[in-house]
Ligand SMILES: [Zn+2]
């Protein structure tokens, strides 16, 4: 009964995931979760994770305005809502 269509960590739509249905974790995209690890857990805070995402998107040829927009929306991801409310 999982009807989420976006990664819970970066909000990327799974339809854009290069691994699609074959990704390792159904809640997270293949960029956020690989080799059994959720990479955001290693980032010291949301800002650091956003920086990584932003640079990653530019490397994949995403226009800057779009990368900035996606980076901004990360704050609404369930993962960060949970993690930021713990403090
Ligand atoms: Zn993700």
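Just so it is clear, none of the values below were taken in a lab; they were calculated from the coordinates. Because the structure is predicted, anything quoted here is derived from the model rather than measured.
Is the shape of segment 14-85 best called rounded, prolate or oblate, per the rule: a/c under 1.5 gives rounded, else a/b larger than b/c gives prolate, else oblate, with a ≥ b ≥ c the square roots of the Cα gyration tensor eigenvalues?
Details: a/c = 1.63, a/b = 1.05, b/c = 1.55.
Note, shape of segment 14-85 comes out oblate.
Using only Cα atoms, locate the centre of segment 9-46 and the centre of segment 54-87, then give the distance between them in Å, rounded to an integer.
12 Å
Can you give the calculated 222 nm mean residue ellipticity of the chain, where each DSSP H run of n ≥ 4 adds -39,500 (n - 2.57) and the sum is split over every residue, rounded to the nearest 500 deg cm²/dmol? All intermediate terms of the calculation are to be shown ahead of the outcome.
Numbers: 3 runs with 32 residues, N = 87.
Dividing the helical sum by the residues of the chain leaves -11000 deg cm²/dmol.
So how much slack lies between residue 66 and residue 15, counting 0.36 nm per residue of separation and subtracting their Cα-Cα distance, in nm? Intermediate values should be presented prior to the final figure.
Working: separation 51, 0.36 × 51 = 18.36 nm, distance 1.71 nm.
Value of the extension gain: 16.6 nm.
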